[in-house]
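Chemist: Sharing a structure, written as structure tokens. Questions coming.
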Amino acid sequence: VWTNQFDNTANKQAHVETTGPEIWNQTGLIKPGGMVVEGTAGNTGIGLAHMCKALGYKCVIYMPNTQSQEKVDALTVLGAEVRQVPAVPFDNPDNYNHQARRYAETLDNAVWTNQFDNTANKQAHVETTGPEIWNQTDGKVDAVTFGTGTGGTLAGVGTFLKSKNPNIKVVLADPQGSVLYNYFTNGALQRSEGSSITEGIGQGRVTENLKGSPVDYAVLVKDIEAVEMTFKLLHDEGFFVGASSGLNVAAAVQVAKDLGPGHFIVTCLCDSGQRYYARLYNRKWMEGKGLLSAIPEHYRSSLH
């Protein structure tokens, strides 16, 4: 299981999407003191806000009003202006991504980083995460599996690892309510049943980052499986993570069963539990979602 210091892989894509003032200034995309605008469920925005704070850029984040307050608070602390908007599908002109793009287009010194369809996102993981996994496993990895939002992590890591060993399996882990499991299983952009409490993963379309990616197959992970694994990671392994990480590890277990004993499966702990403390770790909230029963009784001591 792979993790990083900022608790989510979105910070790597944020780094390459922004690239730094030298690239922005060379291309004339943005000048010193300019503004970075993005539509995000939170984690990419947090990565961008870190960089803007360090590099002297302003940061405006559009995000659905369904996301955790902890992510909004983190963005605010980092100096970003957060604009929460109603959660609507991508084909609606008021989708948070479209609002971010339109706002950036009205400004003279601003850039919309476009995480979903800016393939610098995928390239970030070709250049960094993929080699990290290959080197740290001494090339002995047999499969990788990640949940996808933009698709950049899975596509980039998969592209790099397949270039080193085409026999490595690349498996997309999908939450309930997303179209990607059905798309990679039977070619249909059809949502699986239900909706998910996970944030920032699952999709209603195939992004530019995900198009042409070397996905071998997909696994569907239900919320009850992701939640149980999230609390298992906390109590048995000491990892305080969010449900997206629980989903990733649950998917890795499925892939391990598919491949059988003796195989090396890699996934990622991609989010911190602190960003979901008021939801995932709240007894009343989980009861309201019908998911309290997914947490084994002996793990419920960590609920508040």
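Chemist: Considering amide H positions built from the backbone, and no H for Pro or chain starts, which residues 5 or more places from TYR217, or on another chain, come under 5 Å of its amide H?
Modeler: Close amide H contacts, sequence-distant or interchain: VAL170, LEU172.
Chemist: I've got another one for you. Skip the ligands, DNA and RNA, and give the accessible area per residue of the stretch 26-114 with a 1.4 Å probe, whole Å². Could the numbers behind the result be given before it?
Modeler: Values: 4050 Å² over 89 residues.
Heavy-atom SASA per residue in the stretch 26-114 reads 45 Å².
Chemist: Roughly speaking, what is the stretch gain from GLN190 to ASP236, that is 0.36 nm per residue apart minus the C-alpha to C-alpha distance, in nm to one decimal?
Modeler: Values: separation 46, 0.36 × 46 = 16.56 nm, distance 3.59 nm.
In short, 13.0 nm is gained.
Chemist: Determine Rg/Rh for the stretch 107-163; Rg is computed over alpha-carbon atoms and Rh is the Kirkwood hydrodynamic estimate from the same atoms. The partial results should precede the final answer.
Modeler: Working: Rg = 13.6 Å, Rh = 12.2 Å.
Across the stretch 107-163, the Cα-based Rg/Rh ratio is 1.12.
Chemist: Wrap a convex hull around the Cα atoms of the chain, take a quarter of its surface area, and give that in square nanometres.
Modeler: Its average projected convex-hull area is 15.5 nm².
Chemist: Further, regarding this structure: Mind checking the dipole of the stretch 218-304: about its Cα centre, +1 per Lys or Arg Cβ, -1 per Asp or Glu Cβ, Debye to the nearest 20?
Modeler: 280
Chemist: Ignoring ligands, DNA and RNA, what accessible area per residue does the stretch 170-303 give at 1.4 Å, in Å²?
Modeler: Spelled out: the 1.4 Å probe surface of the stretch 170-303, per residue, equals 44 Å².
Chemist: With a 1.4 Å probe and every protein chain kept in, tell me what percent of the accessible surface of the stretch 118-209 is carbon plus sulfur.
Modeler: Carbon plus sulfur share of accessible area: 40 percent.
Chemist: Let me ask another. Using 0.36 nm per residue, how much length does the chain from ASP258 to ASP138 gain when fully extended, once their Cα-Cα distance is taken away?
Modeler: Length difference between fully extended and current span is 40.9 nm.
Chemist: Next question. On a full-extension model of 0.36 nm per residue, what is the gain between ILE224 and SER293, subtracting their alpha-carbon distance, rounded to one decimal in nm?
Modeler: In short, 24.0 nm is gained.
Chemist: Moving to a separate point now. Sequence gap at least 6, Cα distance under 8 Å: using those rules, report the relative contact order of the chain to the nearest whole percent.
Modeler: Result for the chain is 17 percent.
The values are calculated or read from the model by the stated rules, or taken from the named source; none is laboratory data. Remember, it's a predicted structure, so these values are computed and weren't measured experimentally. Don't worry about glycine lacking a Cβ; one is built from the backbone with ideal geometry, like all the others, and counts go over all protein chains shown. Note: areas computed on protein heavy atoms with side chains; ligands, DNA, RNA excluded. Shrake-Rupley method; radii C 1.70, N 1.55, O 1.52, S 1.80 Å.
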